[in-house]
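Q: Quick one: the structure is below, and I'll ask about it shortly.
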Amino acid sequence: MASNFLKPEFFIIGERKCGTSSLYRYLLDHPCVIPCKVKEPQFFSHSRLYRWTHWRQYLAQFPTALGTEPIDLNWFVLDKDGNLSNEKVSYGRNLSGREMTGEASANTFAQVPPRRLHHSFADAMLILLLRNPTERAYSHYRMFERFKKEGRRLPFELTNFDDDARREMDAFASGRRTYFIGLGVYHTRLKLWLKEFGKQRVHVIFTENLESPDDASKELNLLCQFLDIEPHDFSGILDMKFNTSPPIEMPHSVRADLDYFYQEHNAILENLLNVKLPWK
């Protein structure tokens with residue numbers, strides 16, 4: 001580890017479409033927390049050769065130790081109309097106290113083998129956001145729709161949410177790959193991360209508990225305890241939501257099917273975490 005860069009102490013590892021962008025921006029409101037230059041480096045999802053040849057560049061995304069200059073966070077913004085743009089957000093240094101940094105690559109939870117991250121940062125604290133999997137699946141599908149509109153290549157052919165969701169439920173049941181339904185079966189991946197890092201290093205937040213400023217304030221200060229930093233008044237930023245797409249009502253017919261599909265998996269997740277899920 002190069003000594004001139006701060007070591008990332010926390011990783012918001014996902015899941016996608018669960019509010020990782022908002023959580024990262026909320027956490028950066030704390031004076032002790034300073035950003036990576038890019039919110040989602042997605043470094044650990046690359047090949048071994050890429051990681052070996054780009055290790056120094058990855059570390060350079062984090063602030064230098066004992067630096068004094070403000071840090072610019074390169075931020076991708078999704079507005080209420082679904083348009084994506086880029087902006088820089090500047091953060092000052094905490095010159096009178098402790099500083100910690102981390103990143104928020106939301107694909108880490110599902111796409112990165114836990115041992116890979118543990119090998120590089122065994123002492124890291126992991127933060128995981130989980131959302132009602134039915135809502136998460138629809139939000140993810142709408143992201144694919146936006147990608148299609150932008151002309152991007154997609155991993156599967158989009159038709160409509162009803163048909164594609166039912167096709168993916170059938171695929172999951174037969175052990176075939178899925179692209180937005182299987183990601184909501186959280187317990188299978190979570191068990192792997194808990195085994196590798198231990199429960200004391202994995203902090204789970206439910207997206208639904210960030211919806212109101214009062215609930216979000218409580219969650220963020222529990223997160224401060226987890227990260228071993230002082231409590232903070234986050235009220236100045238909690239009215240803001242980041243990278244949220246415009247709301248569209250999910251078709252009722254497929255919602256019921258998805259709720260039923262996830263019912264057993266939600267029960268396993270409850271037992272694993274020993275909590276009541278807020279979306280029940």
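The values are calculated or read from the model by the stated rules, or taken from the named source; none is laboratory data. Please read these numbers as outputs of a predicted model, since none were measured by experiment. Cβ placement follows ideal geometry from the backbone for every residue including glycine, while neighbour counts extend to all protein chains displayed.
Per-residue answers, yes or no, for (1) closer than 24 Å to F10 by Cα; (2) more than 22 Å from the chain's Cα centre (by Cα); (3) surrounded by 14 or more Cβ atoms within 10 Å (Cβ to Cβ):
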site	(1), (2), (3)
L238	yes, no, yes
F242	yes, no, yes
Y260	no, yes, no
E264	no, yes, no
N274	yes, no, no
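Q: Which residue is surrounded by the most Cβ atoms within 10 Å (Cβ to Cβ), if the candidates are limited to the range 206-236 and must be more than 19 Å from V275 (Cβ to Cβ) and among the hydroxyl-bearing types (S, T, Y)?
A: The extreme case among them is S217.
Q: Considering each residue of the range 85-109, count those that are under 27 Å from R189 (Cβ atoms) and modelled with pLDDT under 80, and give that number.
A: Of the residues in that region, 0 qualify.
Q: Pick from L258, L277: which is part of a loop (DSSP other than H, G, I, E, B), in contact with a helix residue (DSSP H, G or I) (Cβ under 6 Å, 6 or more places away or on another chain), over 15 Å from L27 (Cα atoms) and at pLDDT 95 or above?
A: From the options L258, L277, the qualifying one is L277.
Q: Let me ask something else. Give the residue that is nearest to the chain's Cα centre (by Cα), with candidates limited to residues of the range 1-48 that are assigned to a loop (DSSP other than H, G, I, E, B) and polar (S, T, N, Q).
A: Q42
Q: Something else now. Of the numbered conditions (1) under 26 Å from E208 (Cα atoms); (2) surrounded by fewer than 18 Cβ atoms within 10 Å (Cβ to Cβ); (3) more than 17 Å from the chain's Cα centre (by Cα), R51 fails exactly one; give the number of that condition.
A: So the condition that R51 fails would be (1).
Q: Can V204 be described as touching a Pro at 6+ places or on another chain (Cβ under 9 Å), under 20 Å from P113 (Cβ atoms), β-branched (V, I, T) and at pLDDT 95 or above?
A: Spelling it out, it is not the case that V204 is touching a Pro at 6+ places or on another chain (Cβ under 9 Å), under 20 Å from P113 (Cβ atoms), β-branched (V, I, T) and at pLDDT 95 or above.
Q: Looking at this structure, is Q61 out of contact with any Phe, Trp or Tyr (no Cβ under 6 Å at 6 or more places or on another chain), assigned to a loop (DSSP other than H, G, I, E, B) and either without any contact (Cβ under 8 Å) to a residue 60 or more places away in the chain or surrounded by 17 or more Cβ atoms within 10 Å (Cβ to Cβ) (or both)?
A: Considered against the rule, which asks whether it is out of contact with any Phe, Trp or Tyr (no Cβ under 6 Å at 6 or more places or on another chain), assigned to a loop (DSSP other than H, G, I, E, B) and either without any contact (Cβ under 8 Å) to a residue 60 or more places away in the chain or surrounded by 17 or more Cβ atoms within 10 Å (Cβ to Cβ) (or both), Q61 comes out as yes.
Q: Still on this model: With the condition being without any contact (Cβ under 8 Å) to a residue 24 or more places away in the chain, I'd like the strands (runs of 3 or more DSSP E) fully within the range 76-192 carrying at least 2 qualifying residues.
A: Output list reads 84-91.
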